[in-house]
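A quick write-up on the structure given underneath.
The values are calculated or read from the model by the stated rules, or taken from the named source; none is laboratory data. Computed from a predicted model, the values in this text were never measured in an experiment. For neighbour counting, all protein chains shown are included, and Cβ atoms are generated from backbone atoms with ideal geometry for every residue, glycine included. Keep in mind that these areas ignore ligands, DNA and RNA; they rest on the heavy atoms of the full protein, side chains included. Shrake-Rupley method; radii C 1.70, N 1.55, O 1.52, S 1.80 Å.
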Amino acid sequence: DVKVTQSSRYLVKRTGEKVFLECVQDMDHENMFWYRQDPGLGLRLIYFSYDVKMKEKGDIPEGYSVSREKKERFSLILESASTNQTSMYLCASSSNVLNTGELFFGEGSRLTVL
Amino acid sequence: LAKTTQPISMDSYEGQEVNITCSHNNIATNDYITWYQQFPSQGPRFIIQGYKTKVTNEVASLFIPADRKSSTLSLPRVSLSDTAVYYCLVGDKAAGNKLTFGGGTRVLVKP
């Protein structure tokens, strides 16, 4: 059973703080993704990665960066958190080997920036 | 990337069949159609995927007409636990292809 684990379910941070959201998957998937979800806007892709040390911008990368030093871990970084980054953040992974395109999601991290 | 359009919400009753239609007029030749289900406070979960005609699994059926410009997810005999948001996505299955999620369809199953 694929498992995608996000380090924190709920976080509260202050404006200007640096925030790290961690995601780990245990199925040796090559691809990893970070989305944010806001009411009425669905899921929007922030960044994704096809391989270790590789990253590509999604639809809304501004204000975020990512790190993928190991295959199983994909971190989302908010260098200086702002209130408009209050959101639900979802990490996902998918396999190149199976090539079904299926995304496996974590349970999400709800971030509140005060 | 092909854009999808689906109804914002639908209501149904337990035991009924629910059909959600998704429009994707500019679907590309290599694109597949995939549906996800999301419960509150959880990540989306894969339900079904198809390319053309009909696909059925233990959860749902997916009907795709010959022109592939739309698709219909069919949930047979829904229960209260099927209350969720359902997302239709189209995209190439090529490795790592980024998929765009639209707003989804909120399905409410009533007793």
If you take the residues of segment A:72-95 that are within 13 Å of A:LEU114 (Cβ to Cβ) and either of a type in the set (Gly, Ala, Ser) or within 14 Å of chain B (Cβ to nearest Cβ) (or both), which of them is most open to solvent (accessible area, probe 1.4 Å)? A:SER82
Verdict on A:PHE33 being out of contact with any helix residue (DSSP H, G or I) (no Cβ under 7 Å at 6 or more places or on another chain), of a type in the set (A, V, I, L, M, F, W, C) and within 9 Å of another protein chain (Cβ to nearest Cβ): yes
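Just checking, how many residues over segment A:42-54 are more than 7 Å from chain B (Cβ to nearest Cβ) and assigned to a loop (DSSP other than H, G, I, E, B)?
Adding up the residues that qualify gives 4.
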What strands (runs of 3 or more DSSP E) completely inside segment B:1-95 contain at least 1 residues that are surrounded by 15 or more Cβ atoms within 10 Å (Cβ to Cβ) and away from chain A (no Cβ under 14 Å)? B:9-13, B:18-23, B:61-64, B:70-75
Do we find that B:LEU99 is surrounded by 15 or more Cβ atoms within 10 Å (Cβ to Cβ) and of a type in the set (A, V, I, L, M, F, W, C) in this structure? yes
